[in-house]
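Visitor: Take this structure first; my questions come after.
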Amino acid sequence: MDILAPILISIIAASTPLLFAAIGELVVEKSGVLNLGVEGMMLGGAVIAFIISVETGNSALAIVAGAAMGAMMAGLFAVLTLGLLANQVATGLALTLFGIGLSALLGQGYVGTPLTALPKLNIPGLTDIPVLGPVVFGQDVLVYLSFVVTGLVAWFLYRTRAGLVLRSVGENPHAAHAIGFPVIRIRLFAVLFGGAMAGLGGAYLSLSYTPMWAEEMSAGRGWIALALVVFATWRPGRVVLGAYLFGGLTLAQLHLQGMGSSAIPSQFLNMVPYIATIVVLVLISRDATRIRMNAPASIGKVFHPDG
Amino acid sequence: MIALERRPNSSRLWLYATPVLAVFLTVLSGAVLFSLLGFNAIEALTAYFISPLRDSYGLGELTIKATPLAIIAIGLAIGFRANVWNIGAEGQLTLGAITGGGLALLFYGAEGPWLPPLMLIGGMVGGAAWAAIPAFLRTRFNANEILVSLMLTYVAGLLLSYLVTGPWKDPMGFGFPRTRMFGDEALLPTLFAGSRMHIGFPIALVTVAAAWFLIARSFIGFQIKVVGLTPPAAGYAGFSNAWIIWATLLTSGALAGLAGAIEVAGPIGQLTPSISPGYGFTAIIVAFLGRLHPLGILFAALLMALSYIGGESAQIELGLPLAVTGVFQGMLLFFLLASDVLVHYRIKLRPAREGV
């Protein structure tokens, strides 16, 4: 029992950044836009949240700043792809390359600066319950937020009229436009939301998961989040499942390394999340009909009213 | 109200003018960025773009950095033309370095003039093999090649790290994670005294010429173009989509692998944990900046090479952070993509329509 709680807590910690980034990208893709800049936006959010936290000591402000940075970078993507009709794949890649450079530049003076991790919630009585207490009632605010956001996204997409409109824009923007829905504006909001969520995922990395700043500290999590959206066949509930599967996998791999078994070199254990991503993609994608049925029909295509 | 009106035909003038415009805007924003960082903008830009080109050594360095960029971007451009997005060139470069460098280690002490060509071929095979994975998974299982090739980049980096800290580590290397220096005859010959320019640059020029021929004059080049522009038409014409995916991924993988082998047999001379400052990713920018055209790519590669050595020179001369290079490169691609709108659309001022 004593080891179960820490294991569960670590799985949650490893999963949360993926959940944020993936749920944000899910909304973006549901609106018919493919933003490959998740990795860059995560790094932007991570570095800004860290800097604000170090400079002001105010973690709430740091979290907001991380989300704002992600949204601002997404805004840049939106100007290019929605306003100037640029190719979404190329623009997303540019955003990631730009984010890697920008975060390295901004964070230059902060490499190695120590930071206390976000405080864990502590409810006397409840948090003391064995296993369940620390796992359910002893997390930091971002973990709870990740679940609130996921729930809200699921409710919004499938239980509200606005969510239906957003999905219809992703399926057939020309029809939505003809009915009179503001396609570009809806997509803009979706893209900004996705950016804010990627920023929060990054903020979680630099404020809580490993409270520090290092260049490219997201280590491909933005890309894994993109794969998770496909894995989840664009459904919020399955995004949670996917994110937690990956969190568990990351943890298992870290534990094997921690046991110091020299039989498997650490590099091979570090490959596990990346190879798992490929395996998962293959398993899901091999059923082409399932992907076609679930993927937003207009994903990645430039929308211009004249057609 | 400003509106965009689709041009009946894309504008050839803007197609070639936009890269120039994008470079101009990037330099302009660079000046603003440098001022914000507290540097004299003119001084910083001079250190960045002019100083590296003052002597033959600097020009040699320019070709050294342009070589892998051009070779990789040529391969990527062939794929991009067919809408095949190989984003994992960095990983294929790493594999090429491993296989090419591995041959140098295998024949250590038994080198001959035959070894460098063998290493380059080995690099191409390694890169192509790495690119064959996304090709297979895409054609057989419909798995997205962007994500697969990118994940494999991380795997390749870890594999290299394992090799140079484990089985291939130099026993006399004082514990540093690197292999022994390759024998002299495993290295690519340099071309001039007083410069590190090596035979890789002529290889890049040959690649450019071959790609031009392939794209403009060969049947496969035509197939690639049709598949990229109108997939349904390609289907009616009986062009196999799977064949195009295999051909473009293997070509771009082989070229990225070639670049990796050139790097280790050329300027580096051994295997270390990091053999590329992100050439595989920067080559994506090079491909777009060069308009996916071989000649354009050559110019774009030289320009991006300048951004690398400019970054180093600005760091040495003024203490500018090296990360500025990445920001510059990202900005350049942004400006290019933004100004691309001029190629396909006309900007019109028209009164806001009522109703609708």
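The values are calculated or read from the model by the stated rules, or taken from the named source; none is laboratory data. Just so it is clear, the model here is predicted, and its values are computed rather than measured. FYI the Cβ positions are ideal-geometry reconstructions off the backbone, even for glycines, and counts take in every protein chain you see. These accessible areas exclude ligands, DNA and RNA; they are computed on the full protein's heavy atoms, side chains included. Shrake-Rupley method; radii C 1.70, N 1.55, O 1.52, S 1.80 Å.
Visitor: Can we say B:Ile50 is open to solvent by 10 Å² or more (accessible area, probe 1.4 Å) and among the aliphatic types (A, V, I, L, M)? Don't jump to the end; show me each part of the working.
Guide: Details: open to solvent by 10 Å² or more (accessible area, probe 1.4 Å): yes; among the aliphatic types (A, V, I, L, M): yes.
So B:Ile50 fits the description; yes.
Visitor: If you don't mind, another one. List the number of the failed condition for B:Pro134; all other conditions in (1) over 28 Å from B:Leu303 (Cβ atoms); (2) open to solvent by 10 Å² or more (accessible area, probe 1.4 Å); (3) within 14 Å of another protein chain (Cβ to nearest Cβ); (4) assigned to a helix (DSSP H, G or I) hold.
Guide: Every listed condition holds for B:Pro134 apart from (2).
Visitor: At least 2 residues that are among the aliphatic types (A, V, I, L, M) in each: list the helices (runs of 4 or more DSSP H) lying fully within the range A:218-307 that qualify. Write out each step before concluding.
Guide: Numbers: elements: A:221-231, A:236-258, A:266-270, A:272-285, A:288-294.
Where helices (runs of 4 or more DSSP H) fall fully within the range A:218-307 and carry at least 2 residues being among the aliphatic types (A, V, I, L, M), they are A:221-231, A:236-258, A:272-285, A:288-294.
Visitor: Kindly provide the set of residues from the range B:152-168 that are buried (at least 19 other Cβ atoms within 10 Å of the Cβ), small (Gly, Ala, Ser) and facing another protein chain (nearest Cβ under 8 Å), ordered by number.
Guide: B:Ser161
Visitor: Please go through the range B:1-39 and pick out each residue that is away from every other protein chain (no Cβ under 12 Å) and part of a loop (DSSP other than H, G, I, E, B). Spell out the reasoning first.
Guide: First pass over the range B:1-39, keeping only residues away from every other protein chain (no Cβ under 12 Å): B:1, B:9-17, B:19-21, B:23-25, B:27-28, B:30-32, B:35, B:38-39.
Result: B:Met1, B:Asn9, B:Ser10, B:Ser11, B:Gly38, B:Phe39.
Visitor: Restricting to the range B:298-346, name every residue that is β-branched (Val, Ile, Thr), more than 10 Å from chain A (Cβ to nearest Cβ) and out of contact with any Lys or Arg (no Cβ under 9 Å at 6 or more places or on another chain).
Guide: At the first step, the residues of the range B:298-346 found to be β-branched (Val, Ile, Thr) are B:309, B:316, B:324-325, B:327, B:341, B:343.
If we keep only those that are more than 10 Å from chain A (Cβ to nearest Cβ) too, we end up with B:309, B:316, B:343.
The answer is B:Ile316, and nothing else.
Visitor: Look at A:Ile48 and say whether it is away from chain B (no Cβ under 11 Å), crowded, with 24+ Cβ neighbours inside 10 Å and either at pLDDT below 90 or within 15 Å of the chain's Cα centre (by Cα) (or both). Step through it out loud before you land on a result.
Guide: On the way: away from chain B (no Cβ under 11 Å): yes; crowded, with 24+ Cβ neighbours inside 10 Å: yes; either at pLDDT below 90 or within 15 Å of the chain's Cα centre (by Cα) (or both): no.
So A:Ile48 does not fit the description; no.
Visitor: Can you pull out the residues in the range B:64-91 that are farther than 26 Å from B:Glu145 by Cβ, open to solvent by less than 10 Å² (accessible area, probe 1.4 Å) and under 12 Å from the mean Cα position of the chain (by Cα)?
Guide: Hit for the range B:64-91 is B:Ala66, nothing else.
Visitor: Taking the condition touching a Phe, Trp or Tyr at 6+ places or on another chain (Cβ under 8 Å) and touching a residue at least 60 places away in the same chain (Cβ under 8 Å), does B:Gly30 pass?
Guide: yes
Visitor: Of all residues in the range A:94-110 being modelled with pLDDT of 90 or more and more than 8 Å from chain B (Cβ to nearest Cβ), which is most open to solvent (accessible area, probe 1.4 Å)?
Guide: Of everything passing the filter in the range A:94-110, A:Leu106 is most open to solvent (accessible area, probe 1.4 Å).
Visitor: Any idea which of B:Thr94, B:Thr99 is open to solvent by less than 20 Å² (accessible area, probe 1.4 Å) and among the hydroxyl-bearing types (Ser, Thr, Tyr)?
Guide: Matching residue, one of B:Thr94, B:Thr99: B:Thr94.
Visitor: Test each condition in (1) open to solvent by less than 20 Å² (accessible area, probe 1.4 Å); (2) assigned to a helix (DSSP H, G or I) for B:Leu320 and report the one that comes out false.
Guide: Only one criterion in (1) open to solvent by less than 20 Å² (accessible area, probe 1.4 Å); (2) assigned to a helix (DSSP H, G or I) is unmet by B:Leu320, namely (2).
Visitor: If I ask for residues that are surrounded by fewer than 13 Cβ atoms within 10 Å (Cβ to Cβ) and under 18 Å from the mean Cα position of the chain (by Cα), which ones from the range B:187-208 would you list?
Guide: Matches in the range B:187-208: B:Val206 only.
Visitor: More than 15 Å from A:Met197 (Cβ to Cβ), under 21 Å from the mean Cα position of the chain (by Cα), open to solvent by less than 20 Å² (accessible area, probe 1.4 Å) and modelled with pLDDT of 95 or more: does that describe A:Ala90? Lay out the reasoning, then the answer.
Guide: Working: more than 15 Å from A:Met197 (Cβ to Cβ): yes; under 21 Å from the mean Cα position of the chain (by Cα): yes; open to solvent by less than 20 Å² (accessible area, probe 1.4 Å): yes; modelled with pLDDT of 95 or more: no.
Here the answer is no, as A:Ala90 does not meet what is asked.
Visitor: Also, I was wondering about something else. Might you let me know whether the range A:256-273 holds any residue that is at positive phi, of a type in the set (Ser, Thr, Tyr) and more than 10 Å from chain B (Cβ to nearest Cβ)?
Guide: First, the residues of the range A:256-273 that are at positive phi: A:260.
Those left that are additionally of a type in the set (Ser, Thr, Tyr): none.
Looking for residues that are at positive phi, of a type in the set (Ser, Thr, Tyr) and more than 10 Å from chain B (Cβ to nearest Cβ), one finds none in the range A:256-273, hence no.
Visitor: Further question on the same structure: Any chance the range A:33-42 includes a residue that's in contact with a helix residue (DSSP H, G or I) (Cβ under 6 Å, 6 or more places away or on another chain), over 16 Å from A:Gly199 (Cβ atoms) and away from chain B (no Cβ under 14 Å)?
Guide: Yes, the conditions are met somewhere in the range A:33-42.
Visitor: Take the conditions more than 14 Å from chain A (Cβ to nearest Cβ) and open to solvent by less than 10 Å² (accessible area, probe 1.4 Å) and apply them to B:Gly260. Does it pass? First the steps, then the outcome.
Guide: Values: more than 14 Å from chain A (Cβ to nearest Cβ): yes; open to solvent by less than 10 Å² (accessible area, probe 1.4 Å): yes.
Yes: the conditions hold for B:Gly260.
Visitor: Find the residue count for the range A:226-243, including only residues that are open to solvent by less than 50 Å² (accessible area, probe 1.4 Å), within 25 Å of A:Pro6 (Cα to Cα) and more than 14 Å from every other protein chain (Cβ to nearest Cβ).
Guide: Qualifying residue count for the region: 3.
Visitor: What's the number of the condition A:Gly83 fails, among (1) within 14 Å of chain B (Cβ to nearest Cβ); (2) surrounded by 17 or more Cβ atoms within 10 Å (Cβ to Cβ)?
Guide: Result: A:Gly83 fails condition (2) only.
Visitor: Just wondering, is there one or more residues in the range B:46-69 that are among the hydrophobic types (A, V, I, L, M, F, W, C), without any contact (Cβ under 8 Å) to a residue 12 or more places away in the chain, away from chain A (no Cβ under 14 Å) and closer than 19 Å to B:Ser313 by Cα?
Guide: yes
Visitor: Considering only the range A:130-180, state which residues are out of contact with any Leu (no Cβ under 7 Å at 6 or more places or on another chain) and hydroxyl-bearing (Ser, Thr, Tyr).
Guide: Of everything in the range A:130-180, those that are out of contact with any Leu (no Cβ under 7 Å at 6 or more places or on another chain) and hydroxyl-bearing (Ser, Thr, Tyr) turn out to be A:Tyr144, A:Tyr158, A:Thr160, A:Ser168.
Visitor: Then there is this: Just for the range A:210-222: of the residues that are in contact with a Ser or Thr (Cβ under 8 Å, 6 or more places away or on another chain) and surrounded by 23 or more Cβ atoms within 10 Å (Cβ to Cβ), which one is farthest from the other protein chains (Cβ to nearest Cβ)?
Guide: So the residue we want is A:Trp213.
Visitor: For the range B:272-297: of the residues being away from chain A (no Cβ under 14 Å) and of a type outside the set (Ser, Thr, Tyr), which is surrounded by the fewest Cβ atoms within 10 Å (Cβ to Cβ)?
Guide: The qualifying residue surrounded by the fewest Cβ atoms within 10 Å (Cβ to Cβ) is B:Leu295.
Visitor: So, one more: Within the range A:281-294, how many residues are more than 7 Å from chain B (Cβ to nearest Cβ) and buried (at least 20 other Cβ atoms within 10 Å of the Cβ)?
Guide: 1
Visitor: Among the residues of the range A:82-120, how many are β-branched (Val, Ile, Thr) and under 17 Å from A:Glu215 (Cα atoms)?
Guide: The total comes to 4.
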